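Report on one structure; see the data block that follows.
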Amino acid sequence: MTEHKDIQNPENYKPEDYAELERKLFSPLTASSELKDICMTLAHLPSKEAQEMLRIFGESERADEVEWLECAVDEGQFHYISPQNEEERRDFLALKVMQELENEIVDLEVKHDGLRLEFEKKDIEHEAVKILVEKGEIGPELDSALHACKIHTQTKMKDVADQISVKEKIFRQIKKSISTERYKNINLMDIRNIHMD
């Protein structure tokens, strides 16, 4: 069994250290036990280089030799993304707010699509009613009612579109405010299961 490691300090790893880990990780001569030790180190090294190395190794022919590699990749990602100080904690919280806004925007877009479909159906019905009114086959009351219904739906669509626009602006502004480099282009899906204390 590979010995568990404490979280490593990325400042203790220089480019040559990463190069040596990479050389050993992808060498066909490296023993399985050493591969496991390297993967354990990388899983506990919160740096972009370490996580990228683990990800690439996960696609290699020897990845099966490390039975718990998938867990190591997940753990490495967790340590890499987790905030390490107050500034990062604020930025991480900003990511969580962006995630909530993204969900709200999707919900509003679904609502907007539903309203547009409702409007298009009423529009088809209204066109038929207008023809029937012109022919004198029905009275103008239904024409007026459908026209009012379409205007009401258009108003609701505009209101929802305005809400989407505001939330998108807030989302972009929060994104601009993030100063932690590794958080700037993060996929919000990657933080879904990481919770604040």
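What follows is calculated from the coordinates using simple rules that are stated; it is not laboratory data. For clarity, every value in this text was computed on a predicted model and none was experimentally measured. Glycine also receives a Cβ, built like all others from the backbone with ideal geometry; neighbour counts cover every protein chain displayed.
State which entries of K111/K158; K121/K156; K122/K169; K111/K150; K14/K175 exceed 20 angstrom in Cα-Cα distance in the structure shown.
Values: K111/K158 11 Å; K121/K156 15 Å; K122/K169 32 Å; K111/K150 16 Å; K14/K175 30 Å.
Cα-Cα > 20 Å for K122/K169; K14/K175; rest within.
Quick one: P(r) of segment 10-81 from all Cα-Cα pairs, 5 Å bins, percents rounded to integers, in order of increasing distance.
That works out to 3, 19, 33, 27, 14, 4, 0, in percent per bin.
Please give the FRET efficiency for S32 paired with N12, using the beta carbon to beta carbon distance and R0 = 30 Å, rounded to the nearest 0.05. Please report the intermediate quantities before stating the final value.
Details: r = 26 Å, r/R0 = 0.86.
The calculated FRET efficiency here is 0.70.
Nearest 500 deg cm²/dmol is fine: what mean residue ellipticity at 222 nm does the chain get from its DSSP H runs of n ≥ 4 alone, each adding -39,500 (n - 2.57), divided by its residue count?
Working: 6 runs with 132 residues, N = 197.
Here the helix-only value at 222 nm equals -23500 deg cm²/dmol.
Need the C-alpha centroid separation for segment 171-197 versus segment 23-65, integer Å.
One Cα centre to the other: 26 Å.
Could you give the nm distance between label points at L188 and L142, where each point is 7 Å from its Cα heading toward the beta carbon?
Inter-label distance under the simple model: 4.4 nm.
Give me the angle, in degrees from 0 to 90, between the Cα long axis of helix 48-57 and the longest principal axis of the Cα atoms of the chain, rounded to the nearest 10.
90 degrees
So what does the Cα-only Debye profile of segment 42-171 read at q = 0.10, 0.11, 0.21 Å⁻¹, as log10 I(q)/I(0), no solvent term?
Log10 I(q)/I(0), no solvent term: -0.61, -0.66, -1.08.
To the nearest 0.05, what FRET efficiency results for A19 and E87 with a Förster distance of 30 Å applied to their C-beta separation?
Calculated transfer efficiency: 0.50.
Nearest 20 debye, what's the magnitude of the dipole of the chain about its Cα centre given +1 on Lys and Arg Cβ and -1 on Asp and Glu Cβ? Spell out each step's value before the answer.
Details: 28 positive and 44 negative charges, 167 e Å.
Using Cβ point charges on Lys, Arg, Asp and Glu, the chain gives about 800 debye.
Compute the angle between helix 15-25 and the longest alpha-carbon principal axis of the chain, please, reported from 0 to 90 degrees and rounded to the nearest 10.
On a 0 to 90 degree scale, this one is about 90.
Treat each spin label as a single point 7 Å out from the Cα along the C-beta direction, and report the V106 to K121 distance in nm.
2.5 nm
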